[in-house]
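A short worksheet on the structure shown next.
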Amino acid sequence: MRDIQDMDHVENGGVTDKVTEQSGEEPRDLLYAVNEVPPWYLCIILGFQHYLTAFGSTISVPLILYKTFCVAEDKVGLGELINTIFFVSGLCTLLQTTFGVRLPIIQGATFAFLVPTQSILALPQWSCPYTEAEKGLRNLTDLPDYGSPGHREIWHSRLREIQGAIMIASLFQVIIGFSGAVGVVLRVIGPLAVTPTVTLIGLALFPDAANLASQQWYIAIMTMFLIALFSQYLRNITIPVCQYRKGKGCGVYKLPIFKLIPVLLAMVVAWGICAILTAAEVFPSESSGWGYKSRTDTKMSVIADAKWFRFPYPGQWGIPTVSFAGVFGMLAGVLASMMESVGDYYACARLAGAPPPPVHAVNRGIGVEGIGCILAGAWGSGNGTTSYSENVGAIGITKVGSLRVVQAGGIIMIFLSCFGKFGALFVTIPDPVIGGVFMIVFGMITAVGLSNLQYVDMSSSRNIFILGVSLFFGLAFPLWMKANGTVINTGSDIVDQIITVLLSTSMLVGGVVGFILDNTIPGTPEERGLTKWRSVDSSTSGTTTDISVYDIPLIQPFLDKMFWPKYVPFCPRFESSVCSCRRHKNNQDQTQNHTHQTEDSGLKMESNVAFESDDTRL
């Protein structure tokens, strides 16, 4: 979820500064800058706050995908999946903040992988027998019982397919990051290619939200209202809490609680109301009744069945499998996730009092994020990881940009994910409540994608044509492909699967159409939005630290003594000019121009002398 708390948040997917506007103040008011360490108890409290801020986004992903994976009514398995995704998010947060871009950014589940995952598992060989039984196409009594070893192998096999696809596809992100090719990739992508890519993530997922919300529209709409109430109408309401300020002791701090965790608050309140209505027998007790899914007593057994302690480990669902179709389909999600993260680095640096991240830090951040996605695939979270802009916004609100606080948040994620019953607790959330949350979440993803159009001249018929065609075709053609999955017949099953997955992924189809049209139809850089979109505010006003915050810990003193790090794109002493052919060519051109200018100056001087001589003779 890309910043549900802030409707004004702008996400451009490029290197543009995505400064969140929650605080409206400069980093000079920071309580703790990026390289400062608060007392240990504050690290724990503020780290838990980051955990809560990321909670709504992280838990949404397994709740969307569990039916796609055919987990069905195996609620214990769903709880294990939830714990796994939190464990991986915490692990990747520690990696990113320690060895990656080294900024206080939480890593969590990404929505960019959802559409490719659904497209891959929509292939005929991955059809879920339990879903078919719900539609009357199979006899449910002929299938293994929910949660039995037979049923678990069914959804484990699907999860292993996605694991392999994520791990192999994420190698592309690792290469793009550590090779320094991030800038090259982003240079050929403009707002009119990013807009349909990100927008179609939200638009393509509306059936999932509608199916859950339609099980009890009153509860879903109530949940939507609560999120809107907390995140918009009450966003400036604060509550007094105690805080410790360095050099000033204890004091009172006004915490904007509704701005920080509106989704979690709304979910808990709606959950509680459903519990009250369940106790009052307002909802039907028959499973076929409309509103039955709003009851809170239908899934309580999962808490008793879940283990107290369970440590997620790599390969817990089995050895990942790899298919060409899955890998190629997942590449669209990897590219979109990579574009989402780059802009967060600049916003986070500004709010945390750090200088704008240099090239080597951005390269390393993207590379480590790719490694995080590989680990997410190995652990079997069913998803990858990306930077969370809502947590970047939390830094602007709390004025605490300390790296140690976010690392504490990552440790808390890992710690709590080892309690099996903790994950099982959230499985009991009623489906209509989840549907209401998804209505807001998916709508925000769509709006964030459309926000890229602020850089584009939308009075241009060229841009309107590109946007309309890419969005409409990105919705229509994948929908037809999913309904006609056997229409591709090249004679090779592997090729058929690859083409089917690619053409069934709406964000890929729409993004490719937008990219091709934007780069082939004539238009000026200003008209296309490239001039504004690629501009980076490199101002260091409000910076409280130097560039050394991006140094690699422990080994940096050794790297400083060597000459070769200046050739390595992810090392802090990297010099992009020594690896740039364009720079050498420019130097040669400048030398030649200087020679020509000198010669021209000499000729002009001789001419002036001749004219002066002529004047003298006259």
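The values are calculated or read from the model by the stated rules, or taken from the named source; none is laboratory data. Just so you know, these numbers come straight off a predicted model, no measurement behind them. Cβ sites come from the backbone with ideal geometry, for glycine too, and all protein chains shown count toward neighbours. Keep in mind that these areas ignore ligands, DNA and RNA; they rest on the heavy atoms of the full protein, side chains included. Shrake-Rupley method; radii C 1.70, N 1.55, O 1.52, S 1.80 Å.
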Residues that are open to solvent by less than 40 Å² (accessible area, probe 1.4 Å) and without any contact (Cβ under 8 Å) to a residue 60 or more places away in the chain, drawn from the stretch 276-300: T278, P284, G289
Residue in the stretch 76-84 that is at pLDDT 90 or above, within 16 Å of the chain's Cα centre (by Cα) and either open to solvent by less than 10 Å² (accessible area, probe 1.4 Å) or within 25 Å of K299 (Cβ to Cβ) (or both) present: no
Test set (1) crowded, with 22+ Cβ neighbours inside 10 Å; (2) at pLDDT 90 or above - G435 fails condition number: (2)
Residue list for the stretch 508-524, restricted to those being among the small types (G, A, S) and either under 15 Å from A112 (Cα atoms) or surrounded by fewer than 24 Cβ atoms within 10 Å (Cβ to Cβ) (or both): G510, G511, G523
Close pairs (6 angstrom Cβ cut-off, 6 or more residues apart or separate chains): over 28 Å from G77 (Cα atoms) in the stretch 371-400, basic (K, R) and surrounded by 24 or more Cβ atoms within 10 Å (Cβ to Cβ) anywhere: S389/R2
Pairs with Cβ under 9 Å, 6+ apart, first in the stretch 463-475 and in contact (Cβ under 8 Å) with a residue 40 or more places away in the chain, second of a type in the set (F, W, Y): S470/F515
Residue pairs meeting the criteria (Cβ under 9 Å; at least 6 apart or on separate chains; first open to solvent by 50 Å² or more (accessible area, probe 1.4 Å), in the stretch 214-231; second outside any helix (DSSP H, G or I)): Y218/G291
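Residue by residue, here is whether (1) farther than 27 Å from D493 by Cβ; (2) open to solvent by 10 Å² or more (accessible area, probe 1.4 Å); (3) at pLDDT below 80; (4) in contact with a Lys or Arg (Cβ under 8 Å, 6 or more places away or on another chain) holds:
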site: A325; (1), (2), (3), (4): no, no, no, no
site: A336; (1), (2), (3), (4): yes, no, yes, no
site: Y345; (1), (2), (3), (4): yes, no, no, no
site: I366; (1), (2), (3), (4): yes, no, no, no
site: T385; (1), (2), (3), (4): yes, no, no, no
Checklist (1) under 26 Å from the mean Cα position of the chain (by Cα); (2) modelled with pLDDT under 85; (3) open to solvent by 10 Å² or more (accessible area, probe 1.4 Å) applied to A112, failing item: (3)
When residues of the stretch 144-174 are limited to those that are surrounded by fewer than 21 Cβ atoms within 10 Å (Cβ to Cβ) and of a type in the set (S, T, N, Q), the one farthest from Q96 (Cα to Cα): S148
I303, sole failed condition from (1) open to solvent by less than 10 Å² (accessible area, probe 1.4 Å); (2) aliphatic (A, V, I, L, M); (3) in a helix (DSSP H, G or I); (4) over 28 Å from L123 (Cα atoms): (1)
Helices (runs of 4 or more DSSP H) contained entirely in the stretch 184-274, each with at least 3 residues that are over 24 Å from the mean Cα position of the chain (by Cα): 217-228
G100 vs. criteria closer than 20 Å to A424 by Cβ and open to solvent by less than 10 Å² (accessible area, probe 1.4 Å): no
Scope the stretch 490-507; condition open to solvent by 50 Å² or more (accessible area, probe 1.4 Å) and either closer than 15 Å to V327 by Cβ or modelled with pLDDT of 80 or more (or both); matching residues: T490, I494, V495, Q497, I499, L503
Residues that are open to solvent by less than 30 Å² (accessible area, probe 1.4 Å) and either in a helix (DSSP H, G or I) or touching a Gly at 6+ places or on another chain (Cβ under 6 Å) (or both), drawn from the stretch 413-432: M413, S417, G420, G423, A424, F426, V427, D431, P432
Residue in the stretch 127-143 that is open to solvent by less than 10 Å² (accessible area, probe 1.4 Å) and either over 28 Å from C571 (Cβ atoms) or among the β-branched types (V, I, T) (or both) present: yes
Residue pairs meeting the criteria (Cβ under 8 Å; at least 6 apart or on separate chains; first surrounded by fewer than 19 Cβ atoms within 10 Å (Cβ to Cβ), in the stretch 175-188; second part of a loop (DSSP other than H, G, I, E, B)): I175/A181; S179/P569; G183/V15; R187/R534
Single unsatisfied condition, E25 versus (1) more than 29 Å from V334 (Cα to Cα); (2) modelled with pLDDT of 50 or more: (2)
